[in-house]
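Reading through the structure tokens given below for one structure.
The values are calculated or read from the model by the stated rules, or taken from the named source; none is laboratory data. In this text, all values refer to a predicted model and were calculated from it rather than measured experimentally. Here the Cβ is made from the backbone with ideal geometry for all residues, glycine too, and neighbour counts use every protein chain on show.
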Amino acid sequence: METKYKIEGHTVEVRISGTGSCDPWSQAYADKIGVSLMCTADMAVFMLVDDSRVFRLEDWSLGHGDALRDALQSFPSWDAFEREWLQAAIKRGTVTERGTLEESRAHLDEARRRERVWKAMPQTKRREVYEHLKTLGPEDVKDWYRERYKALGIE
């Protein structure tokens, strides 16, 4: 299922994903760049606003049939829809904001770079390096990867 709606220059796209842990747009990007994702097997409905903001519709009925279209059409403006319907649904827990598609893609790009670091490492060293990384703080881990990216010519 893929449905697109337009209201006052804004686009709302709704799709079902075969996994509730990853939106379909991020999944497609991961496939494109060759990143394998480990996902849950539950299905979910996701909404993409203006090709940027990703939401998971926790209430399936919001993404099926005419419910979302009717909600969009019942408000006099985009701002009213966002304030009175979308933010209220987030407060109720029937919609969850998942961040932006750009953030998700950046995270997937980072996963791809990290995977390249591990693949370049001799398999006999991986466990030792993994154990060492567990002893470091988050910033030190980022620095460790940055050094490896530079050494491997990974951007």
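Among the residues that make up segment 94-112, is at least one of them part of a strand (DSSP E or B) and small (G, A, S)? Write out each step before concluding.
Taking segment 94-112 and keeping what is part of a strand (DSSP E or B), we get 95-100.
Filter once more, so that each one left must be small (G, A, S): 99.
Within segment 94-112, one or more residues are part of a strand (DSSP E or B) and small (G, A, S).
Could you give me the residue pairs with C-beta distances under 6 Å whose first residue belongs to segment 97-110 and is touching a residue at least 24 places away in the same chain (Cβ under 8 Å), whose second residue is exposed (fewer than 14 other Cβ atoms within 10 Å of the Cβ) wherever it lies, and which are 6+ apart or on separate chains?
T100/S52; L101/S52
Considering only segment 129-143, I want to know if a residue exists there that is assigned to a helix (DSSP H, G or I), touching a residue at least 24 places away in the same chain (Cβ under 8 Å), surrounded by 11 or more Cβ atoms within 10 Å (Cβ to Cβ) and under 26 Å from the mean Cα position of the chain (by Cα). Can you show your working first?
Step one: of segment 129-143, the residues assigned to a helix (DSSP H, G or I) are 129-134, 138-143.
Retained after the next criterion (residues that are touching a residue at least 24 places away in the same chain (Cβ under 8 Å)): none.
No.
I'd like the full set of residues that are modelled with pLDDT under 90, of a type in the set (G, A, S) and surrounded by 12 or more Cβ atoms within 10 Å (Cβ to Cβ), limited to segment 31-62.
Scanning segment 31-62 gives a single hit, A44.
Would you say W78 is under 30 Å from E115 (Cα atoms), surrounded by 14 or more Cβ atoms within 10 Å (Cβ to Cβ), among the aromatic types (F, W, Y) and touching a strand residue (DSSP E or B) at 6+ places or on another chain (Cβ under 7 Å)? Walk me through how you get there before you give the answer.
Numbers: under 30 Å from E115 (Cα atoms): no; surrounded by 14 or more Cβ atoms within 10 Å (Cβ to Cβ): yes; among the aromatic types (F, W, Y): yes; touching a strand residue (DSSP E or B) at 6+ places or on another chain (Cβ under 7 Å): yes.
No, not satisfied.
(1) at pLDDT 90 or above; (2) within 18 Å of the chain's Cα centre (by Cα): which one isn't true of W85, the others all being true?
Here W85 meets the rest and fails (2).
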